[in-house]
Amino acid sequence: MAAAPVDLRGFKIWKGYLDAAAQAELVAALRPVLKAAPLVRPVTRRGQSLSVRMTSAGELGWITDRRGYRYEPRHPSGVDWPAIPRQVLEIWDAVTGLDRRPDSCLINYYEAEAKMGLHQDKDEADFSWPVVSVSLGDDGLFRIGNTTRGGKTESIWLNSGDVVVMGGEARLTYHGIDRIRFGSSRLLPKGGRINLTLRVAT
């Protein structure tokens, strides 16, 4: 675990928060989640497919389809979302110090050409709660913008085991992943990057 986070535009970034053993344990904990609620490639309201595949854990899962962006209590297949693994919740507890735990954990999987455009996380009921992001696998180039579109941005490579807390003014700052460095990590057997984002949705 890093001694102190890097502060980049209000984003608290713990470099190397999880060591190799903790990363492997977390991946093992995610396997039954992905089996129960398989990754899907969602579409936007306009019918455009996202380049990432995603699923969720917790009481609610974030989805996007022709009806728009929202939280739902079930996977698109109709099954309930699996519980958030203990190892994931312990990260939230440690980096936020909050008594309230997240009720949603979005799981994004980035393959070689996947990326995520600049966006705000704003489908939650109360923006006073932070969003916590955990990176596993290949490096991802994380770009941070502003609370409105446009303007100067800054970027930082997120490596496997890094943890980011988006709270305060950073909570509604635009951010995204421009690309991944495919094959930079051996954590995932088929390569790629897993990103977990923990949210208080309700």
Would you be able to tell me the number of residues in the stretch 54-71 that are of a type in the set (Lys, Arg) and in contact (Cβ under 8 Å) with a residue 24 or more places away in the chain? 1
Mind checking which pairs have a first residue in the stretch 72-84 that is closer than 22 Å to Val134 by Cα and without any contact (Cβ under 8 Å) to a residue 60 or more places away in the chain and a second that is among the hydroxyl-bearing types (Ser, Thr, Tyr) and in a loop (DSSP other than H, G, I, E, B), Cβ under 6 Å, 6 or more apart or different chains? none
Strands (runs of 3 or more DSSP E) contained in the stretch 1-71 and holding at least 1 residues modelled with pLDDT under 95: 6-8, 61-65
Scanning the stretch 1-58 for residues that are in contact with a Cys (Cβ under 9 Å, 6 or more places away or on another chain) and not polar (S, T, N, Q), which turns out farthest from Tyr109 (Cα to Cα)? Gly58
Got at least one residue in the stretch 105-127 being more than 14 Å from the chain's Cα centre (by Cα) and under 24 Å from Ala4 (Cβ atoms)? no
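Let's see how each residue does on (1) closer than 23 Å to Ser104 by Cβ; (2) among the basic types (Lys, Arg):
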| position | (1), (2) |
| --- | --- |
| Gly137 | yes, no |
| Phe142 | yes, no |
| Asn146 | no, no |
| Gly150 | no, no |
| Thr153 | no, no |
| Val164 | yes, no |
| Leu172 | yes, no |
| Arg181 | no, yes |
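The values are calculated or read from the model by the stated rules, or taken from the named source; none is laboratory data. Everything numeric in this text was worked out from a predicted model, so none of it was measured. Because the Cβ atoms are built from the backbone with ideal geometry, glycine has one as well, and the counts that use them run over all protein chains shown.
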